[in-house]
Amino acid sequence: ALLFITVYTADGFLFYVETSCVFNSTKLDDIEFIKSYYYQKLEFTRFSSSVGKYVGYTEYGVRNAEAWNKDTGNLAAMRNEKERYCLNNVGNDHEAAL
């Protein structure tokens, strides 16, 4: 799986975003794009291409998910990330693993 992490710290608090591609073949149907948002090691919101929208796991995360799911432009862009971001990189990782 591909994994990229972005970390932001301020006054001892930790916020980070983890982007990953989960796959078992190079076929687009077998790939899942996941973007998770964390604060203090607790995942509060996630976008999954399998679900097709943001899901919140905390009160704050639910509010974020509701607002982000209303932004049709952002939601469409996130839905396209599986093909744009994962498909090319998964092919490289799959070949390297073989």
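For E18, what charge total do you get from the other residues with a beta carbon under 10 Å from its beta carbon, if Lys and Arg give +1 and Asp and Glu give -1?
Details: positive: K35, R46; negative: E43.
Charge balance near E18 sits at +1.
Using the Kirkwood radius over Cα pairs, work out the Stokes-Einstein diffusion coefficient for segment 15-97 at 10 °C and 1.306 mPa s, in µm²/s as a whole number.
Details: Rh = 13.3 Å.
It comes out at roughly 119 µm²/s.
Over segment 15-97, average the accessible area per residue using a 1.4 Å probe and give it in Å², no decimals.
Numbers: 4930 Å² over 83 residues.
Spelled out: the 1.4 Å probe surface of segment 15-97, per residue, equals 59 Å².
Which part of segment 37-79 falls in the paramagnetic zone of N24, meaning amide N under 16 Å from the point 7 Å along Cα-to-beta-carbon?
The answer is 50.
For segment 15-97, with all protein chains present and a 1.4 Å probe, just round the carbon and sulfur fraction of the accessible area to a whole percent. Don't jump to the answer; show the numbers that get you there.
On the way: 2370 of 4930 Å².
Exposed carbon and sulfur together represent 48 percent of the surface.
What lysines could a cross-link reach from K53, if we take a straight Cα to Cα line under 17 Å and drop same-chain neighbours fewer than 8 places away?
In chain and number order, the partners are K35, K70, K82.
The values are calculated or read from the model by the stated rules, or taken from the named source; none is laboratory data. As the structure is a computational prediction, the values presented were derived from the model and not from experiment. Because the Cβ atoms are built from the backbone with ideal geometry, glycine has one as well, and the counts that use them run over all protein chains shown. Please note that ligands, DNA and RNA were not included when accessible areas were found on the heavy atoms of the full protein model with its side chains. Shrake-Rupley method; radii C 1.70, N 1.55, O 1.52, S 1.80 Å.
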